[in-house]
Amino acid sequence: MDFSPNTDAQTKFPDQPQSVWARFYVPEIHDVHPAMDDRLDALAAFFPVKARAAIAYLAVPHWAGDAPIDAAFASRVKAFGGVIVLHGLNHRRGPSALHRLVHGHDDRREFAGLDAGEAAMRIERGLIHLGETFGERPRWFCAPGWRQEPELADILRRAGFDGFQLMDRLVLRDGGEIALPAVNFDVGERAFWHALARPPRAAQIRRLLERGAPFRLTLHPGDLDHPATWRQARDLMKRLDIEGWRAVSLDEAVTLWRTLNSVGQAGSKSPSSL
């Protein structure tokens, strides 16, 4: 499977503006782990109260190997409502001097280049850990940095996941692919990259809003450290609220897609197996 941006999967919208496959977003909070402290509250408060039950919390069982999620933290996350997504095991590929120089931290793309055996072990460990702490196993997966190898799709299917997330789409257990791009504000810790990323992100946001195109609004704890980037995110949220965009969960988005795809109203791509 090709995980590069997929122009063939661009969502096609009906001419009728009242279509339910339009003007919605999936709220997401990535890198959820105990070491984020009060940032969890700040990121959850970013979204309107009416949107919080739809938030996907992308939880990392053992952040960097030294911040394991425990029952107390899991209870705190569950109190917000929303859906738990497995987001790797430790969100760490390994030490990298170049990555630290360029991005300000080690390489966090945990599943990039990972062999199938190691990937399967990490998936199972993550499922067990979150199942024990949250009381149920996650049904969705997202690889850190949206980077994973093709064979991971079959591993996730065998592990019982309903689907997984890539940067530009969702891939379902039954092979369906849903064009649902992420609006992402995380480009590392260097101010240079944040300044460079804001104009193309603004163009992406403008295109999505002009078309009424559904998307995923993804936040990371580090977004709070960059005022101009955070302001861009807040401006987007204000506009969504003013214009009446609605928040839906991952499962709700899939339900809408399944309903409308049969009559050609939702974006889709030729099936590929999960």
#### Entry: Of all residues in region 141-152 being farther than 26 Å from THR229 by Cβ and surrounded by 20 or more Cβ atoms within 10 Å (Cβ to Cβ), the one that is modelled with the highest pLDDT
PHE141
## Note on the structure
Reported set for region 204-220 where residues are over 18 Å from ASP186 (Cα atoms), among the aliphatic types (A, V, I, L, M) and either in contact with a strand residue (DSSP E or B) (Cβ under 7 Å, 6 or more places away or on another chain) or outside any helix (DSSP H, G or I) (or both) is LEU208, ALA213
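Yes/no per residue for (1) of a type in the set (D, E, K, R); (2) in contact with a His (Cβ under 8 Å, 6 or more places away or on another chain):
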position: ARG157; (1), (2): yes, no
position: LEU170; (1), (2): no, no
position: ARG173; (1), (2): yes, no
position: ALA179; (1), (2): no, no
position: ARG198; (1), (2): yes, no
position: LEU208; (1), (2): no, no
position: PRO214; (1), (2): no, no
position: THR218; (1), (2): no, yes
### Query
Any idea which of VAL171, VAL183, VAL187 is in a loop (DSSP other than H, G, I, E, B), β-branched (Val, Ile, Thr), in contact with a Phe, Trp or Tyr (Cβ under 9 Å, 6 or more places away or on another chain) and crowded, with 16+ Cβ neighbours inside 10 Å?
VAL187
## Note on the structure
In region 26-76, anything among the hydroxyl-bearing types (Ser, Thr, Tyr) and either in contact with a His (Cβ under 7 Å, 6 or more places away or on another chain) or not in a helix (DSSP H, G or I) (or both) is listed as TYR57
### Message
Could you check region 153-168 and list, in sequence order, the residues that are surrounded by 17 or more Cβ atoms within 10 Å (Cβ to Cβ) and either of a type outside the set (Gly, Ala, Ser) or part of a helix (DSSP H, G or I) (or both)?
### Response
ALA153, ILE155, LEU156, ARG157, PHE161, ASP162, PHE164, GLN165, LEU166, MET167, ASP168
### Summary
Flagged in region 35-47 as at pLDDT 95 or above and not charged (D, E, K, R), in numbering order, are LEU40, ALA42, LEU43, ALA44, ALA45, PHE46, PHE47
## Note on the structure
Across (1) in a strand (DSSP E or B); (2) under 17 Å from ASP186 (Cβ atoms), ILE84 clears everything bar (2)
### Summary
Of ASP251, ASP223, ASP241, the only residue that is more than 11 Å from PHE185 (Cα to Cα), within 20 Å of the chain's Cα centre (by Cα) and not basic (Lys, Arg) is ASP251
### Query
Can you pull out the residues in region 122-140 that are surrounded by 15 or more Cβ atoms within 10 Å (Cβ to Cβ), part of a loop (DSSP other than H, G, I, E, B) and more than 17 Å from the chain's Cα centre (by Cα)?
ARG137
### Summary
Taking region 237-264 and keeping residues modelled with pLDDT of 95 or more and either acidic (Asp, Glu) or not in a helix (DSSP H, G or I) (or both) leaves ASP241, GLU243, GLY244, TRP245, ARG246, ALA247, VAL248, SER249, ASP251, GLU252
### Task
Might you check whether a residue that is within 17 Å of the chain's Cα centre (by Cα) and modelled with pLDDT of 90 or more occurs anywhere in region 3-25?
yes
### Task
Look through GLU149, GLU177 and report the one residue that is more than 23 Å from PHE24 (Cα to Cα) and acidic (Asp, Glu).
GLU149
### Query
Does VAL183 qualify as being within 18 Å of ASN261 (Cβ to Cβ) and in contact (Cβ under 8 Å) with a residue 40 or more places away in the chain?
no
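The values are calculated or read from the model by the stated rules, or taken from the named source; none is laboratory data. On a predicted model such as this, the values are computed, not experimentally measured, just so you know. Note: ideal-geometry Cβ built from the backbone for every residue, glycine included; neighbour counts use all protein chains shown.
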